[in-house]
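The values are calculated or read from the model by the stated rules, or taken from the named source; none is laboratory data. Please read all numbers here as calculations on a predicted model, not as lab measurements. With ideal geometry, Cβ positions are generated from the backbone for all residues, glycine too; neighbour counts draw on all protein chains shown. Heavy atoms of the whole protein, side chains included, go into the accessibility calculation; ligands, DNA and RNA do not. Shrake-Rupley method; radii C 1.70, N 1.55, O 1.52, S 1.80 Å.
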Amino acid sequence: MPHDFRVYGHLAGLDENELKNCRTFLSAYECEVSGQVLDFVHEGVFIDVDSDLECLLRLVGPDVRGVIDIINHQDWEMFRCTLAGGALTRSSIALDNALDTAYASERRS
């Protein structure tokens, strides 16, 4: 069965305490830890991901960086949230060419 809503997140540069707190907070997500990196995934029903991101921002310091992709298949839209310098920015990504957009910087180098 296809999922209507997906969230794919990647946080890097977490210290031990931040990692523990983020993983505890994201217990409803599938999480995988590798060193100072936390990857988290939700595939299924709609959730209040905006509230989750606000809370995550309060759990991490300014050196943590990350990318969180939010995909809504019902409305055919995608947003990419970027965490850097203690701030979270959000941009719209055209879902029809999401992979092209995601890897555009690699083609420029």
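Looking at (1) part of a strand (DSSP E or B); (2) closer than 15 Å to residue 14 by Cα, can you tell me which one residue 61 breaks? Here residue 61 meets the rest and fails (1).
Of everything in the stretch 26-53 that is out of contact with any helix residue (DSSP H, G or I) (no Cβ under 7 Å at 6 or more places or on another chain) and free of Cβ contacts under 8 Å to residues at least 12 places away in the same chain, the residue that is most open to solvent (accessible area, probe 1.4 Å) is 32.
Would you call residue 75 out of contact with any helix residue (DSSP H, G or I) (no Cβ under 7 Å at 6 or more places or on another chain), within 21 Å of residue 19 (Cβ to Cβ), open to solvent by 60 Å² or more (accessible area, probe 1.4 Å) and in a loop (DSSP other than H, G, I, E, B)?
no
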